[in-house]
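Structure first, then comments.
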Amino acid sequence: MVTSSSVPLSAPTPSWFTPKRLLAIFCVINMLNYVDRGTIASNGVNGSRRTCSESGTCTSGSGIQGDFNLNNFEDGVLSSAFMVGLLVASPIFASLAKSINPFRLIGVGLSVWTFAVVGCGFSMDFWSITIFRMLVGVGEASFISLAAPFIDDNAPVAQKTAWLSIFYMCIPTGYALGYVYGGLVGGNFNWRFAFWGEAILMLPFAVLGFVMKPLRLKGFAPVESKKATTATETSSVEVHDDADTEVTTGTSHTLSVKDDVEDKSSNKCSRSTDTSNNLNQFSIFFKDVKVLLLNKVYVVNVLGYIAYTFVIGAYSYWGPKAGKNIYNMSDADMIFGGVTIVCGILGTIAGGYALDFMTSTISNSFKLLSATTLIGALFCFGAFCFKSMYGFLALFSIGELLVFAIQGPVNYTCLHCVKPSMRPLSMAISTVSIHIFGDVPSSPLVGVLQDYVNNWRETALILTAIFFPAAGIWFIGIFLHSVDRFNEDSTHQVSSTTEWSNTTPLLEERKAEATASSAEP
């Protein structure tokens with residue numbers, strides 16, 4: 001007879017991580033991801049092409065563009081090549097989180113990222129560095145899909161959005177540091193050293209993902225629970241086999257025939273196991289995607305995010321050029337970069353604390369998203385109407401401060417409008433959508449628009465006007481029936497006997513240990 005003690009119910013030993021350590025480490029990793037994006041765009045690393053005068057005098061180029069003699073199209077491909085790996089790998093890592101510990105997946109992703117940036121430094125031509133840039137996106141995909149759910153699990157209840165905002169604040173900060181880092185290293189040494197330096201900085205975090213005790217993600221069964229459940233099922237089968245043996249004592253021939261039949265059946269089953277498992281994984285993935293697409297709250301949230309990202313992506317690429325042409329800014333890069341850094345940090349953090357102050361609910365999140373985007377759009381639109389550069393900078397700074405406030409609330413909604421087991425896929429699909437339909441096409445489309453109207457002020461006003469539909473979409477979300485599903489049971493948990501251990505974040509480890517110890521005889 002098999003007793004319940006075959007499945008241990010003792011609480012796990014606490015991980016070295018505390019919630020604040022987890023947040024700090026994830027912030028550094030996120031910042032390094034965006035430092036890399038800023039680095040490859042910096043003048044010191046990106047460089048310039050070789051040029052020749054009419055008299056035949058040629059000057060050597062610099063950086064990647066000069067060494068590989070890239071035209072502007074090829075140079076543009078390098079800046080966005082990582083998107084290919086990111087968009088393909090994000091849903092894959094999100095699906096694998098159901099069968100492989102998510103914390104280990106982050107370790108795998110960071111290892112791929114480290115290998116890829118080292119490869120960028122050793123690249124010898126356009127195609128080799130393009131492939132390595134795609135692998136950078138693959139490595140980043142696991143972190144983008146899984147980091148936010150971990151932070152949401154372990155953040156204090158009253159500060160969940162604030163913690164998410166601190167995490168996403170690293171995006172503008174990382175870009176800015178990347179510009180400075182790439183310029184210093186590329187300008188004083190060689191652009192290859194900039195990539196190798198990134199790899200050295202990321203390597204300890206990649207190793208940490210494998211050597212530390214893995215953290216559990218809410219809604220996902222730990223590996224030990226699955227093994228325990230399997231062991232229980234195996235023991236049960238053995239008990240029945242023993243009973244069959246007792247009944248057939250003295251009829252060894254009958255038992256032998258039975259064993260032969262069972263052996264043949266088990267061989268057939270084992271041959272089809274791999275195929276059926278693969279088909280089952282695909283089936284679960286498409287079912288989960290269908291659930292997301294039928295979730296009105298999720299769809300409205302992502303649609304608004306796409307429109308918002310369309311504008312922000314074009315701002316980041318064309319903003320300095322537009323500012324230089326409209327207001328004759330001598331240091332447009334520095335001015336726009338400085339405004340973006342300050343407003344990005346302050347606005348992102350302020351948005352998170354504002355939602356926590358209002359009480360973090362999905363309905364309040366939509367209210368904050370629509371209001372800040374609408375008011376921010378009015379300030380940005382008015383800024384481009386000003387003929388004075390100082391008037392433009394004053395209004396534009398306020399506008400950017402407001403529009404950056406959406407980062408915490410929009411990701412809070414993505415995480416809390418779905419069940420815990422769906423959160424990695426929710427973040428992955430959101431990331432894929434805002435890039436495919438948002439910042440990836442916005443830059444070339446705005447370029448086409450500028451070629452047509454040939455007026456940067458008109459182009460900037462048309463682009464900024466897209467903020468208004470984003471605010472309108474999020475306004476619709478206020479009236480949708482929304483349910484915070486953070487505490488809902490996952491449909492993918494293994495069994496009720498081990499369910500409690502699947503949902504124990506760091507903040508509740510002590511409570512879990514006390515409960516487990518009191519249950520011991």
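The values are calculated or read from the model by the stated rules, or taken from the named source; none is laboratory data. From a predicted model like this one, the values you see are computed outputs, not experimental measurements. Ideal geometry is used to build each Cβ from the backbone, glycine not excepted, and the neighbour counts take in all protein chains shown. Remember, those area values only see protein heavy atoms, side chains included, never the ligands or the DNA or RNA. Shrake-Rupley method; radii C 1.70, N 1.55, O 1.52, S 1.80 Å.
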Self-check item: Gap separating the Cα centres of region 191-207 and region 85-145, nearest whole Å
Solution: 14 Å
Quiz item: Working out 0.36 nm times the residue gap between Phe115 and Asn487, then minus their Cα-Cα distance, what length gain in nm do you get to one decimal?
Solution: 130.1 nm
Exercise. Determine ³J(HN,Hα), in whole Hz, for all residues of region 82-98 in sequence, where each value follows from phi through the Karplus function 6.51 cos²θ - 1.76 cosθ + 1.60 and θ = phi - 60°; x replaces Gly and Pro.
Key: 4, 4, 4, x, 5, 6, 6, 7, 4, x, 5, 5, 5, 6, 5, 4, 7
Quiz item: Taking H as built 1.01 Å from N, whose amide H comes closer than 5 Å to the amide H of Ser48, not counting residues under 5 places away?
Solution: Ser62, Gly63, Gln65, Gly66
Quiz item: What spacing in nm lies between the two simple spin-label points modelled at Met124 and Tyr390, each 7 Å away from Cα in the Cβ direction?
Solution: 5.8 nm
Self-check item: Gained length - Ile476 relative to Phe193, 0.36 nm times residue gap less alpha-carbon distance
Solution: 97.0 nm
Self-check item: Ile131 versus Lys20: modelled label distance in nm, points set 7 Å from Cα along the beta carbon direction
Solution: 4.6 nm
Quiz prompt | chymotrypsin sites (Phe, Trp or Tyr not before Pro) lying in DSSP loop within region 402-495, provided at most 11 other Cβ fall within 10 Å | solution = Phe479
Exercise. Calculate the spin-label point distance for Val291 paired with Val448, positioning each point 7 Å from the Cα along the beta-carbon direction, and give it in nanometres.
Key: 3.8 nm
Self-check item: Overall form of region 98-187 per C-alpha gyration tensor (a/c, 1.5; a/b vs b/c)
Solution: oblate
Quiz item: From the backbone phi of region 118-124, what are the Karplus-calculated ³J(HN,Hα) couplings (6.51 cos²θ - 1.76 cosθ + 1.60, θ = phi - 60°) in whole Hz, Gly and Pro given as x?
Solution: 4, x, 4, x, 9, 4, 10
Quiz prompt | Rounded percent of accessible protein surface that carbon and sulfur make up, region 59-158, 1.4 Å probe | solution = 73 percent
Quiz item: Of the cross-linked pairs Lys160/Lys287; Lys321/Lys387; Lys98/Lys290; Lys296/Lys367; Lys160/Lys296; Lys20/Lys98, which ones have a Cα-Cα span greater than 20 Å in the structure shown?
Solution: Lys160/Lys287; Lys160/Lys296; Lys20/Lys98
Quiz item: Carbon and sulfur: what percent of region 377-460's accessible surface (1.4 Å probe)?
Solution: 69 percent
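Where a ≥ b ≥ c are the square roots of the eigenvalues of the C-alpha gyration tensor, would you call region 386-452 rounded, which needs a/c under 1.5, or, failing that, prolate if a/b is larger than b/c, or oblate?
oblate
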Exercise. Using a/c under 1.5 as the rounded threshold, could you call region 277-423 rounded, prolate or oblate? The axes a ≥ b ≥ c are square roots of the C-alpha gyration tensor eigenvalues, and prolate needs a/b larger than b/c, oblate otherwise.
Key: prolate
Self-check item: 1.4 Å probe accessible area per residue over region 305-436, in Å²
Solution: 36 Å²
